[in-house]
1. Looking for whichever is in a loop (DSSP other than H, G, I, E, B), in contact with a helix residue (DSSP H, G or I) (Cβ under 7 Å, 6 or more places away or on another chain) and at negative phi here; the options are N105, N165, N172. Which one fits?
2. Which condition breaks for E204 when tested against (1) farther than 30 Å from I90 by Cβ; (2) free of Cβ contacts under 8 Å to residues at least 60 places away in the same chain; (3) touching a Lys or Arg at 6+ places or on another chain (Cβ under 9 Å)?
3. Would you check if there is a residue in region 198-215 being under 21 Å from F74 (Cα atoms) and open to solvent by less than 50 Å² (accessible area, probe 1.4 Å)?
4. If you check every pair at least six apart or on different chains, which have Cβ atoms under 6 Å apart with a residue in region 102-115 that is closer than 10 Å to L52 by Cβ and charged (D, E, K, R) first and a residue that is open to solvent by 20 Å² or more (accessible area, probe 1.4 Å) and part of a loop (DSSP other than H, G, I, E, B) second?
5. From F233, F225, grab the single residue that is of a type in the set (A, V, I, L, M, F, W, C), closer than 24 Å to L112 by Cβ, modelled with pLDDT of 90 or more and surrounded by 14 or more Cβ atoms within 10 Å (Cβ to Cβ).
6. Please specify each residue of region 82-101 satisfying the condition of being among the aromatic types (F, W, Y) and in contact (Cβ under 8 Å) with a residue 40 or more places away in the chain.
7. Which one of the conditions (1) open to solvent by 70 Å² or more (accessible area, probe 1.4 Å); (2) over 22 Å from the mean Cα position of the chain (by Cα) does I138 fail to meet, given that it meets all the rest?
Amino acid sequence: MNLTGTISKMMGWCPQKDLGFMQAGDTKHRTCMHDFCAGYGDTQKERREKVLVDVPVLDSGMIRILLPVWIVGFTLMIIVNHYSILSIFIVIAYYLAVLLWVLQNRTTVELLHGTIIIHRPFLRSIVIQKNEIIKTQIIKNLSHIKCWIIRLVALIVLVFLATHNINAILINIEQPLPMLVTIVNIFSMPLMTVWFAVMVYNNEIRMHYQASLHLVATKKRQFMFYVDNPDEFSVRLQHTGEVTFDG
């Protein structure tokens, strides 16, 4: 045994032991980094919460999608006097617009330092700087008070529209029309009923809340937050404006 090995043994040093120590230290470092990143990701997720929000029409981006769809579809129906494959795409575009309208109810709110971000499916997020908030106001939800009357009227209208659509579809099927014409008619006839049903659905999910938080920001932007505790949510916004209570 050489002199270097003898000295190493006397000092209690072992290459494998040192290697294990280095690996353990590296593993600990990587574990700490993983825990930090995972914790940061969890924190980011915790900042978001599902909150139903009505945003200004001009800021929503919906008008930029729905209005062109309606204008182009209505124009093509006037110009094109005969049924074609294009008619099917027009009907599909209408239904996609309806689907987008429904999905806009799946909003989430992220509260950051000095910033409120409203996230929406398929559309850009809306950012509200807290120093832009002029005031927040808690408003009683009249639809919640008169919910049974609204539901009864909506149900009667839906039954009437659905019955009319079913009868029209049955008559259309019995007629000796080309297959393309029959398909377009069957899918286009219920459009008005579907749109009305979406309106009823949008109102139904808002009737659940007894009150809502009305937020007024600069540039005359107004937002409506539907939460179970609007006064508590208003405090969480940490705004610099004024809080008022209606009723």
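1. Working: N165 fails: in a loop (DSSP other than H, G, I, E, B); N172 fails: in a loop (DSSP other than H, G, I, E, B).
Result of the check over N105, N165, N172: N105.
2. Here E204 meets the rest and fails (1).
3. Within region 198-215 (the criterion being under 21 Å from F74 (Cα atoms) and open to solvent by less than 50 Å² (accessible area, probe 1.4 Å)), the answer is yes, since at least one residue qualifies.
4. Correct list of pairs: R106/P121.
5. Exactly one residue qualifies, and that residue is F225.
6. Y83, Y94, Y95, W101
7. Only one criterion is unmet by I138, namely (1).
Rundown of residues vs (1) over 30 Å from M224 (Cβ atoms); (2) within 22 Å of the chain's Cα centre (by Cα), yes/no style:
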| position | (1), (2) |
| --- | --- |
| I126 | no, yes |
| K130 | no, yes |
| K146 | no, no |
| P178 | yes, no |
| N185 | yes, no |
| L191 | no, no |
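The values are calculated or read from the model by the stated rules, or taken from the named source; none is laboratory data. What you are looking at is a predicted structure, and each value in this text was computed from that prediction instead of being measured. Glycine also receives a Cβ, built like all others from the backbone with ideal geometry; neighbour counts cover every protein chain displayed. These accessible areas exclude ligands, DNA and RNA; they are computed on the full protein's heavy atoms, side chains included. Shrake-Rupley method; radii C 1.70, N 1.55, O 1.52, S 1.80 Å.
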